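Throughout, read-outs are computed from the coordinates displayed, never taken from laboratory work. It should be emphasised that the depicted structure is a prediction, and the values quoted were computed from it without experimental measurement. Neighbour counts are summed over all protein chains in view; Cβ atoms, including those assigned to glycine, are modelled from backbone coordinates with ideal geometry.
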Amino acid sequence: MLTRSSTSSARASRHGPDGRPSDVNDWVKQLNVDPSERLQCGSIRSATTRSTAHTTSITSSQARSPSGIGAQHDRPLTAVVAALVTAVVLLAACGSGDDSAPVPTTEAPSTTASDRPRSTTTLAATTTAAPVTVPPVVVPDLGVPTFTAARLIGPDFVAPELDDAARAGIGQLLGDYARRAMAIPLGTSAPAELDGLMSSVLAPRITPEQRAVLTDEGVPRLVNVHVDHFNVEADGLAGPDGLVALVNGRIEISVSGLTADGGQPVTIARRGDLTFVWEPDAAGGGWRLDSFALDVDRALPA
């Protein structure tokens, strides 16, 4: 830009709450499963049948033989009673003894530490944003210009060249302009510090358009600013007394840097004339910028 300004099993289901078979037939079947010598539950019916038959035979015999009924009656009755007691005891033993089926139980399978399912905890991946490092605010040092010429125009008795002291003074004037109008806005985004730089004639008359050419206000803040070149061709004008009253510096300056936000490259170039006058009545007295004619070319990111 170029600007110019002037669970349960089946077997368990057949048992009642007291552990006995719920069906009489099943119970009978169960009693006949294992008639051991110690407890032959299956022989109870036979013993009972024999006792009944014996009783019947005794009764028939008594009917046939009326004599001796008292003695015969005592013996068979005692035998019947004994048989009945034995049958009751055996039935009770069969109902609650060794043949009662145990209620099946279901054992929980043992689980060793290696068999237990391992609980796993999955932590949600967290993304930590990289900290944003903001470059420090630094006012770059643009230095002083290199003289390509240093002429002095005046009476015949003045030297045609500016001496070293005059060169140093002009160099400081131009370096101060570059710091105030360019380095401060570029390094800090602050307004240019033009107070004490412009003369009493220029300061109240400068327009915003002229100020935009003279300074770098409004340009994105830059870091890593460096000077590509800063040259000046200086001319001094001496009065009748031989004292220099006006200095014109034709400058060429170019600076480059990166935007602080994004690191985009930026280049700014100026060329033109800066004219300073000695103003003894100004605050503090000294040299002040009285006029300028500059072109500025800024290569800024889109």
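Table for the structure above
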item	result
Charge context of Val225, other residues only, Cβ under 11 angstrom, K/R +1, D/E -1	-2
C-alpha center-to-center spacing [segment 260-302, segment 200-243] in angstrom	3
Ranking of Met198, Met182 by count of other Cβ atoms within 10 Å, fewest first	Met198, Met182
Selection from Gly285, His229, Val247 lying farthest towards where the dipole of segment 200-302 points positive, charges on Cβ	His229
Which of Arg221, Arg211, Arg270 has the fewest Cβ neighbours within 10 Å, and the rest in rising order	Arg211, Arg221, Arg270
Stretchable slack from Leu243 to Asp295, in nm (0.36 nm times residue separation minus alpha-carbon distance)	15.7 nm
Positive minus negative residues near Glu252 (Lys, Arg vs Asp, Glu; Cβ under 12 Å)	-2
Cα-projected label distance for Gln210 with Glu233, points at 7 Å along beta-carbon direction, nm	2.4
Farthest toward positive dipole pole in segment 146-299 [+1 Lys/Arg, -1 Asp/Glu at C-beta], among Gly171, Ser199, Gly218	Gly218
Cβ-based exposure ranking for Phe230, Phe157, Phe276, Phe147, in which fewest neighbours within 10 Å come first	Phe157, Phe147, Phe230, Phe276
Sum of side-chain charges, Val134 neighbourhood, beta-carbon under 12 Å (Lys, Arg +1; Asp, Glu -1)	0
